[in-house]
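**Student:** Here it is, the structure in full.
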Amino acid sequence: NSGSLLLTKPNLKAVEDSKMQHQRRPKRIIAPPRDAQKRSRCNLWNFFKAFALVLLLIYFCFVSALLRSKHALDLAGIQTPASVPSQKELSSKENNPQDLLILALEREFLSKKSPVDHGSNDNSDINIDDELPKYVDKEKDSDSARTKKRSAEQITEEDTDMPRRPSCFDHGTPCKFDEVGKYLEGAALFTIMHKQSDAIPNHRRIPPSMASNATYIASRRSLGPANGSMTALFEYNPTLLPLNSELDEKLLDYLTGRYHPDITDEEANKVKYLSISRAANLHGCTGGNRKNGQPTKEQSYLNLVLLDADLQPIPDASGALLPFYILFPKCYKAETLSAFQDYQIIAARSTKGNRKKDQLFMTASDRKTSIFPIDIRRVLGPTNDAEGWNTKMKSKPVPMIPEEGDSPDFFYGKGLQVRFMDDIAPKNRSLGTGCKYDLNYHSMDWKKNYHVFDVPDVHGSGENPATYIELRPHWTRMTRKINFYADQFIKYEDWELVPNGTFANFWNDGRRSETDAQANQYKGGEPPEQFSPPKNTDWDASVGFGRGTACCVDFDFGNNENFKVGISHSTTEGRGYVSRFYAFDLRAPKFLVVATSGPFCFGGLNNDTDINSETHYFPPQKSKLNATYAFYDCPSVTFASGITEYHADKNYVVISYGVNDCYSRSIVVSKERIIEFLDVNRTESWKPWNW
C-alpha cells in the first residue's frame, strides 16, 4: 500500500542491531528532586518536636500530681477520717441519732474520697465546717428582698433597663426561646427562689459544705438503708393554692389556723397561699440521678408549706408526707419505684347550694394520675389528735408522732396536719385485686398533667357551678365533666369522680373511656401560634404539640371578652422544655382555644434579682436548653407547675415552676404582658376563633 514500510531483509537486520545497542547502554540513576529531600528533613524535625512535646507533657502531669497529692495531704491534716464524730460535733447535733448517722456517712465518704472531688461541677475545696461554699455571697442578707421587689410604677419608670420587645414580634421572624422568656420576666414585680421547707429534717438534706461535690450527692441516693430513709430530698415543681374568698370560711379557718384558740387573727391573716410541691430523692441537682438502677427505694413526698403575701414561708407551718406509703402500705413496701411523683391540691365545691369551695382533693401522678379527698389543717405542734376537726371526713389523721410499728420517716414537720379517707378500697372489687388495680380504682385517667377548672353550669339551674377536667390543651384537645359533690368522704362508695363512668382499659393503665369526654377540636385546626420557634427545631414526638402544665386563671381581654389562660409545655429533640400560653373560651361544652402564644423558656436562678437567692447553695448549673443541637440561655428543664392570681394585685399572676428537677422558683408577671404574648400585633386576633 502507498506509504507502508517495506520490511526487507536488510531493513530487519538494521532494526535488530539498533535494539542490541540500546540494551548495552548503562541505565541512568535519577536523583530525587530537591523538594523531596527538603520534605524528608522536615519530617525528621517534626518527629523530634513531637517527641519533645510528649516529654514535656509527662513532666507537667508528674508535677501536677505531686502538687495535688501535697494539697490533699494538707487538707487531710485538718480532717479526721474516723467515722466517730468529735465531741464538738456531738454537741452541735444535739445528740440526734439521725443527724449523727448522716454525719458519720459524710465523714466515711470523705475518708474514702480525695478531699478535692474532680467529678463535681465545681473544684472548690470541701468545707468541712459546714459553711456556705465560696460561690455563695455571705454578705447577702434576707432584708435585701425588699430591694428586689418593684411596684408597677417602678417597672414603668425603669423601662430603659427592661428587656425590649423582641423584634420577631413585629417582623414575623422566628423568635429565640430565651429572648422571649427574658421579655416576659422583664415585666415581673419580683422573682423569688423558694426556700427549703423547715419540715424536712437535716439528715435528709445535702450539707452546704458538700453542695459542689457531685460524687457525694450521687452517693446520697444509695447510702443508708434500702428503704431510702437516709437519702437526700430536693424540692421542686411547686403549685400555689390561693387562700382567698373563693374558699369556704370553715376550710379557710382550718388552713390559716384561725380555728385554733392559740393562733391569733393577726397570725392567721398572714397566710395567703398553700404551697404544694414534691420533695424527692430523685433530682437534677449537680448532675442528679434518675429512677433506674438505685439500691434504695424511690421516695417522693407531698411537701406542704403555708406562705405569706410575699410568698415567704410561715415558720413552723409545714409538713411533708409519703401518700403512697400512707394509702397503700403493702404496695409501697413491694415496689422500688414510687407510683406518686408530682402532686397538686385542688379546692372544689362538694356541697350543692354552697358556691364556696369547701373540700380539698389531692392528685398524684407518675405515668397515670390518681385522685383522693384530703383534709389539711394548721396546728401548733405535732399531734395525732383530731379534736375539733369537723369536716365530711371522719378518719384518723396521719400520725405526726409515730405510733407503735410506724416508720418515723413517712411524715415530717410540726405545723400541718393531714388526713385521708380510711376506707379507700371499693367493696366490690370485681375488676381486679392487687396493687395496680387498687390504684386504678382511683384513676383520674391514664396519663398526667391534667387541668381542673370550673364554670357556671349553663345546662343546670346555674346555682351549682360545673367542674371539668382538661385532658389535653391542644389539637387532640378533650375535656370531661367531673363531679366533686358528696355528702361525706368516709368510704370509697361515697363519691364518684365520673358518675356512671366506665374504663376503656382498667386492667392495664386505668384508662377511662372517652365516651363521656368532649372533643374540642376545630375542623380547620387551631389558632396559629402568635410567634414561631427558631428554624430547624424538632419536637419530641412522644409529647406532641403540647401537654398540660398549669391552669387556669381568668383574664379580661377587654370589651367583655373573658377567657381562661393556662400554660402548656413541649419538649424539643434534646429534651429541652419550652412553654406556651393559651387562652380558651368559657362556654361549655367546647371550651374552644382562641389564642396560643409561641414557645419560650423560663429563666433560672438570678442571684442579682431573686429574693432568697442567698439560700441556694448549690453551684450554678451550666446546662442550657438544648433544642435540636442549638443552645439557649435558660435551664434545660423548666416545668411550670402552677399559675394563680397574685393576692396583692389582681393585675398580676404568680407563675411557679421547677428548675432542672432541683429547686422551685416563681415570677410575678403582669396579665397585660401575657395578653401581649397571645396577641402580639394587638389586633384582637382571637375574635375569629371565638365563635
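**Student:** What is the dipole size for the range 272-393, taken about its Cα centre, with +1 at each Lys and Arg Cβ and -1 at each Asp and Glu Cβ, in debye to the nearest 20? Kindly include the intermediate steps, with their values, before the conclusion.
**Tutor:** Working: 17 positive and 11 negative charges, 114 e Å.
That gives the range 272-393 a dipole magnitude of about 540 debye.
**Student:** Roughly speaking, what is the centre-to-centre gap between the range 347-393 and the range 624-661 when only Cα atoms are used, to the nearest Å?
**Tutor:** The two parts, judged by their Cα centres, are 28 Å apart.
**Student:** The range 423-486 to the range 293-332: how many Å between their Cα centroids?
**Tutor:** That distance is 24 Å.
**Student:** Give me the percent relative contact order of the range 172-305, please, defined on Cα pairs under 8 angstrom at least 6 residues apart.
**Tutor:** Values: 154 pairs, mean separation 34.9, N = 134.
Reported relative contact order: 26 percent.
**Student:** A follow-up question, please. Once the other residues with Cβ under 15 Å from the Cβ of L322 are scored (Lys, Arg +1; Asp, Glu -1), what is the net sum?
**Tutor:** On the way: positive: R204, R278, K297, K330, K333, R419; negative: E235, E298, E335, D342, D366, D406, D409.
My count for the surroundings of L322 gives -1.
**Student:** For the pairs K195/K535; K368/K622; K272/K564; K352/K436, note any where the Cα-Cα span goes beyond 30 Å. Mind showing how you got there, number by number?
**Tutor:** On the way: K195/K535 38 Å; K368/K622 32 Å; K272/K564 22 Å; K352/K436 33 Å.
Correct reply: K195/K535; K368/K622; K352/K436.
**Student:** When you count, for each residue, the other Cβ atoms within 10 Å and take the mean per peptide, how do 636-642, 446-452 rank with the highest first? Mind showing how you got there, number by number?
**Tutor:** On the way: 636-642: 24.4, 446-452: 20.0.
Top to bottom by mean Cβ count within 10 Å: 636-642, 446-452.
**Student:** Another question, if that's okay. Can you give the relative contact order of the range 235-384 as a percent, counting alpha carbon pairs under 8 Å and 6+ residues apart?
**Tutor:** On the way: 269 pairs, mean separation 33.9, N = 150.
Relative contact order here is 23 percent.
**Student:** Any of K392/K491; K394/K448; K333/K427 with alpha carbons more than 18 Å apart? Name them for me. Mind dumping the intermediate values first?
**Tutor:** On the way: K392/K491 11 Å; K394/K448 29 Å; K333/K427 23 Å.
Checking Cα-Cα distances, K394/K448; K333/K427 exceed 18 Å.
**Student:** I've got another one for you. So, counting K/R as plus one and D/E as minus one, what does the shell of residues with Cβ under 13 Å around S365 add up to? Could you put the intermediate results ahead of the total?
**Tutor:** Values: positive: R278, R367, K368, K447, K448, R547; negative: D342, D366, D445, D509.
Around S365, the charge tally is +2.
**Student:** Under a plain spin-label model, where a point goes 7 Å from the Cα along Cα-to-Cβ, how far apart in nm are T683 and T433?
**Tutor:** That separation, rounded to one decimal, is 6.5 nm.
**Student:** Which whole-number percent is the relative contact order of the range 566-691 (Cα, under 8 Å, 6+ apart)? Display every interim value, and only then the final one.
**Tutor:** Values: 217 pairs, mean separation 29.3, N = 126.
Taking the mean separation of contacting Cα pairs over the length of the range 566-691, I get 23 percent.
**Student:** So what's Rg/Rh here for the range 325-472, counting alpha carbon atoms and using the Kirkwood radius for Rh?
**Tutor:** 0.98
**Student:** Amide H of D308 versus every other amide H placed in the peptide plane: which residues, excluding those fewer than 5 positions away on the same chain, fall under 5 Å?
**Tutor:** Hits under the 5 Å cutoff: K272, I314.
**Student:** What order do you get for 529-537, 260-268 when each peptide is scored by the mean count of other beta carbon atoms within 10 Å, highest first?
**Tutor:** Final packing ranking: 529-537, 260-268.
**Student:** Where the only charges are on Cβ atoms (+1 Lys, Arg; -1 Asp, Glu), what is the dipole of the range 550-677 about its Cα centre, to the nearest 20 debye?
**Tutor:** Numbers: 11 positive and 14 negative charges, 79 e Å.
Here the range 550-677 has a charge dipole of around 380 debye.
**Student:** Can you tally the net charge around C601? Count Lys and Arg as +1, Asp and Glu as -1, for every other residue whose Cβ sits under 14 Å from the Cβ of C601.
**Tutor:** Computed value for this residue: +2.
**Student:** Restricting to Cα atoms and excluding each atom paired with itself, what does the Kirkwood estimate give for the range 184-287 in Å? Can you show the working numbers first?
**Tutor:** Details: mean 1/r = 0.0593 Å⁻¹.
Taking every pair of different Cα atoms in the range 184-287, averaging 1/r and inverting gives 16.9 Å.
Read the figures in this text as sums done on the coordinates, not as results from a lab. Note that the coordinates shown come from a computational prediction; the quantities given were computed from them, not determined experimentally. Virtual Cβ from ideal backbone geometry, glycine too; neighbours counted across all protein chains shown.
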